[in-house]
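Here's the structure, in structure tokens; my notes come after.
What follows is calculated from the coordinates using simple rules that are stated; it is not laboratory data. Bear in mind the structure is a predicted one, so any value in this text is a computation, not a measurement. Glycine gets a Cβ as well: all are built from the backbone with ideal geometry, and neighbour counts include every protein chain shown.
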Amino acid sequence: MSGSRRARAEIIVVGTELLQGYRADRHVPFLTVELRRAGLDVRRATVVPDQRQCVAASVALALDSDATVVIVCGGVGPTPDDVTKDAVADALGTTLKMDDNAREEIRRRASVFGDVSPDAVDRQAMVVPGARLLTNHVGVAPGLAVSRGSATVYLLPGPPAELRDMFLRYVGPEIRRTASPGWVAMIRTASLREVTVAEMVSDALGLGQRVTAAYLPAPGIVDVLLSANSKRTLASAVAKVRKRLGCRIYSENGGELEEVVGALLTARGNSLVTAESCTGGLVAQLLTSIPGSSRYVLGGVVAYSNGLKERLLGVPGDMLRRHGAVSAEVASAMAEGARERLGGDWAISVTGIAGPDGGTEDKPVGLVLHGLAGPGGVDVARHVLGGDRAAVRMASARLALDFLRGRLMVS
């Protein structure tokens, strides 16, 4: 939870390639969630081309509005179309200047990647007068934070990994310290649909509550943002929602599902193996994205074909012919086979129909079966998921992790 008066934010994403359809924006969804988590009202998100006048006009418009935080994404690198810093200087009525400290830091960072072009270094070391440097720990180009009156403009690099690290490392904590955003809590849930979560939260809060609830769905998970005018009101609302949602809540501190599962496995000294079909290794990818996951992830098998399910996981051929690859029987056999052959304390399996084709009346597109083998035996869960192929695959992977989380919490 965080608290006091609310603030407003605007997001400006710079990139001609986004407007031309060559790439999809990944910044606005991330930043909107993070800013809302910090308690800020996001009033507007704009995508503009790599044109100095367009960027400058968007920044000026944001500063002339009631925004207290303006985040500009992209265009701070070394190429000729990186015009964001010049544009922000234009909007502020100033010109860029060389920062010698920035130049040395950029040269040091660039040397790590083997590309120390003097021109590129100098271009990235030009800063808006009065701006504070935000060190780039993932790439090279630094970010900037420059204040004008009660507003702060943050210039962040375009590559998603660089932007996310810089926001989480510098911008988010600074906003919480300086913007005094209000009282906000995030409750993260898994394995429930958005409409179900909303009904349960509304039922928990009842009528006449001075609490605002917002819902942020993603494949397999739904985040609930609760906002209130006082700490006491928010604490009461969180307690009611916690009681109503119960074990469906996997985090109240912003932790990812794969982090929570990893912490549970670590606390028990348990290991895990995976057996995946329709998710193509996505469960293992999520788990191993967490630093230190080698303590509990032994490895996994992607057995897409029936032949590999037989040879690598020991799924009986007659079972596959009788029930089909997408069945409770095969999901159970995949998990058992993975646990026996790969040696983990736990084994999770996924088999399903991700679509858009391949469904039948009995086995529709979106049907997914999870098997979970552990010290107490084997369980199977069945879901029918909506969305496109990517959404079904991601939801399947997250539901697998939540299936395991549930067993770990009671084992």
Calculated on alpha-carbon atoms, Rg and Dmax of the chain in Å: 24.5, 75
By the Kirkwood definition, with r running over pairs of different Cα atoms, the range 183-251 has a hydrodynamic radius in Å of 11.8 Å
Computed over the Cα atoms of the range 259-341, what is the ratio Rg over Rh, Rh following Kirkwood? 1.03
DSSP bridge pairs, the range 257-410: antiparallel proportion in percent, nearest 5: 60 percent
Gained length - residue 253 relative to residue 266, 0.36 nm times residue gap less alpha-carbon distance: 2.8 nm
For the range 257-410, with the dipole built from +1 on Lys and Arg beta-carbon atoms and -1 on Asp and Glu ones, taken about the Cα centre, which of 356, 266, 284 lies farthest toward the positive end? 266
Leading residue at positive end of dipole, the range 183-251 (Cβ point charges), from 220, 192, 206: 206
Fewest-first ranking of 97, 240, using other Cβ atoms within 10 Å as the exposure measure: 97, 240
In whole Hz and in residue order, list the ³J(HN,Hα) couplings for the range 392-399 that follow from phi through the Karplus curve 6.51 cos²θ - 1.76 cosθ + 1.60, θ = phi - 60°; x for Gly and Pro. 5, 5, 5, 4, 4, 5, 5, 5
Just add up the charged neighbours of residue 356: K/R +1, D/E -1, any other residue whose Cβ is under 10 Å from the Cβ of residue 356. -1
Taking Cα centroids, how far is the range 367-395 from the range 141-167 in Å? 39 Å
Computed P(r) (all Cα pairs; the range 158-200; 10 Å bins; percent): 21, 28, 31, 19
Considering the options 42, 145, 120, tell which one lies farthest towards the positive end of the dipole of the range 8-178, charges being +1 on Lys and Arg and -1 on Asp and Glu at the Cβ, about the Cα centre. 42
Binning at 10 angstrom from zero up to the longest distance, how are the C-alpha pair distances of the range 153-224 distributed in percent? 16, 32, 33, 18, 2
Compactness of the range 8-178 - radius of gyration and Dmax, Cα, Å: 14.8, 43
For the range 257-410, what is the Kirkwood hydrodynamic radius in Å, using each pair of distinct C-alpha atoms? 15.1 Å
What percentages make up the Cα-Cα pair-distance distribution of the range 47-90 when the bins are 10 Å wide from 0? 31, 56, 13, 1
Test of understanding: in a Gaussian network model of the chain with alpha carbons linked when under 10 Å, which of 36, 108, 393 would top the mean-square fluctuation ranking? 108
Amide H neighbours of residue 359 under 5 Å, at least 5 residues apart or on other chains, H built in the peptide plane: list them. 365
Can you compute 3J(HN,Hα) from phi for each residue in the range 100-114, using the Karplus curve 6.51 cos²θ - 1.76 cosθ + 1.60 with θ = phi - 60°, rounded to whole Hz and x for Gly and Pro? 5, 5, 5, 4, 5, 5, 5, 4, 5, 5, 5, 5, 4, 9, x
Estimated dipole of the range 257-410 in Debye, rounded to 20 [Cβ of Lys and Arg +1, of Asp and Glu -1, Cα centre]: 200 debye
What's the center-to-center distance, using Cα atoms, between the range 184-237 and the range 108-131 in Å? 44 Å
Using only the alpha-carbon atoms, how far is helix 27-37 inclined from the longest principal axis of the chain? Give it as 0 to 90 degrees, nearest 10. 90 degrees
Could you give me the ³J(HN,Hα) list for the range 227-244, computed from phi with Karplus coefficients 6.51, -1.76, 1.60 and θ = phi - 60°, whole Hz, x at Gly and Pro? 10, 8, 8, 9, 5, 5, 4, 5, 4, 5, 5, 4, 4, 5, 5, 4, 5, 6
How do 73, 54, 247, 278 rank when sorted from fewest to most other Cβ atoms within 10 Å of their own Cβ? 247, 54, 278, 73
Taking the Cα centre of the chain as origin and charging only Cβ (+1 Lys, Arg; -1 Asp, Glu), how large is the dipole, in debye to the nearest 20? 1380 debye
Counted neighbours (other Cβ, 10 Å), sorted fewest up, put 334, 186 in the order 186, 334
